[in-house]
Amino acid sequence: MTTEKPREYCGLCGITGGDSVLEQVHLGIHSLQHRGQEAAGVMAVVGGVPCLHKAAGLVDETFSTIPPFWKRGEISRAIAHVRYSTAGSSSVTNAQPLMANVAGQLIGVAHNGTICNARTLRTELQDSGSIFQTTTDTELVLHLMARSLKRHNGDLWSALEEALGRLHGAYCLLLLTKDCLVAVRDPHGFRPLCIGDFDDGSYMVASETIAFNVTGANYLREVEPGEMIIWGPDNQMTSRRFAAPGPLAQCIFEHVYFARPGSYVFGDSVYEVRKALGRRLAQEAPVEADVVIPMPDSGLYAGLGYAEEAKIPFDLGLSRNHYVGRTFIDPGITSRRKLVMRKLQPIPEAIRGKRICLIEDSIVRGSTSRARIGTLREAGAKEIHMRVTCPPHRFGCYFGIDFPEREKLLANKVALQDLAQVLHLDSLVYLSQEGMLACVKAHPPEAYCCACFDGHYPVEPELMDAPPLDIAKSAL
Ligand code: SF4
């Protein structure tokens, strides 16, 4: 992984208006902590002046070190960000929001996703004199805007529209100036971004609707793919379309793994989709078992669905230590292995002598699954039958999820029929892609990206720095 092409998985929250902006944006971004645990940042307009604060670590740690003067000034609007990055690009310099002086105006930007042509754009900008402060693809937005400003007579948002026309890939953006909050979602709609409002006329925008639940905001709607929303000095909301929507490519893995079950994502309840995944899995891959045990936490609701459908008792045979972070999004493989062992403790009384149907959300490298299965065996499981709520992962993601290189994905290293043996399972069945897509209701199957399963990338290979098609072909 090079620092020229950092891949991030992030969460966004913004507030404009109201008399508790900082408190609300803190609550909102804290509810999105699962989307990034490596760094957090907040930019706020304090007493009419844009101010930035960011730090490595969790949201509460970052907010606890906000300079005291922020709390004495009136805060009119703010954006906040949580970040996960790959190794090599994880410095605090790359934490977001980024803030820059563009033609005499301080502008902040926070980003969720990955810009696929970032390396090409960066080279082009550097060749013509741009000096970058970070290695993140997000900084491109500010440079491209600055270049376009003159052509648009200093109109920031027209310059932004032009800049967006140069970007390919996945981007939800929040931008902040002294007077405006802006939300942008790419034309494919890879990542979720939703709008809420409060009874006092203030607005909130967030990656997931769970942020509205904790702050008391009312859910209004999603930011549409290809839409830019601007809240001006008077907090009035204006919509502009910078690109025609589509073809839609909403990330199905948000439903399978990433989003919180209390959220609505792409118009569907994550809770309902996860239960439906479990029910569908029970239909496609029944098993004779004494108990259904989910992998905490993302296998939990699919496990409930499976147990209901299969009429097998459900139990929580693995207890999670909630003081250990999410294993998939920890950047170092060494620390991930250690985390797996520290994170889940088997409960022998729920496991010993039983035929277990183990519900897992996905298998990526296999190291996490292998370690977990080992602990169940040690606790006395008689049989372990794993059922996975998505198809095998065989391809990389270029749209904001940090999967490892293709050759490190377990389903590419081991033939499907040998996977159960390699993982020390009595049986292993993945949910079909058709079955997975049948569990989302708000959009037809073709509105979702499934590239990490089937290798069909929604962005043309010639528009991506690392065209995945050759890789995909070699796997077929
Ligand atoms: S490749 Fe997979 S993880 Fe990436 S956006 Fe598509 S479905 Fe989501």
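Nothing in this text is a laboratory measurement; each read-out follows from the coordinates by a stated rule. Predicted model, so just to flag it, every value in this text is computed and none were measured. Virtual Cβ from ideal backbone geometry, glycine too; neighbours counted across all protein chains shown.
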Where does each of 446-454, 383-391, 424-432 land if you order them by average Cβ count within 10 Å, highest first? 383-391, 446-454, 424-432
Looking at Asn218, Ile359, Gly154, which one has the Cα that reaches farthest to the positive end of the dipole of the chain (charges on Cβ: Lys, Arg +1; Asp, Glu -1)? Ile359
Starting from 0 in steps of 10 Å, tell me what percent of the Cα-Cα pairs of region 269-448 lands in each bin. 10, 38, 39, 13, 1
Which net charge results when you count Lys and Arg as +1 and Asp and Glu as -1 among the other residues whose beta-carbon is under 13 Å from that of His443? -4
Cβ charges +1 (Lys, Arg) and -1 (Asp, Glu), total dipole of region 212-291, debye: 140
What share of all Cα pairs of region 405-444, in percent, falls into each consecutive 10 Å distance bin? 25, 35, 30, 10
Check: the chain dipole with +1 on Lys, Arg Cβ and -1 on Asp, Glu Cβ, in debye: 1120
If N is the number of residues in region 8-246, what value comes out of its Cα radius of gyration divided by 2.2 N^0.38 Å? 0.92
In a shell of Cβ-Cβ distance under 11 Å around Tyr203, excluding Tyr203 itself, what net charge do Lys and Arg (+1) and Asp and Glu (-1) give? -1
Over the chain: Kirkwood hydrodynamic radius from C-alpha pairwise inverse distances, Å: 22.9
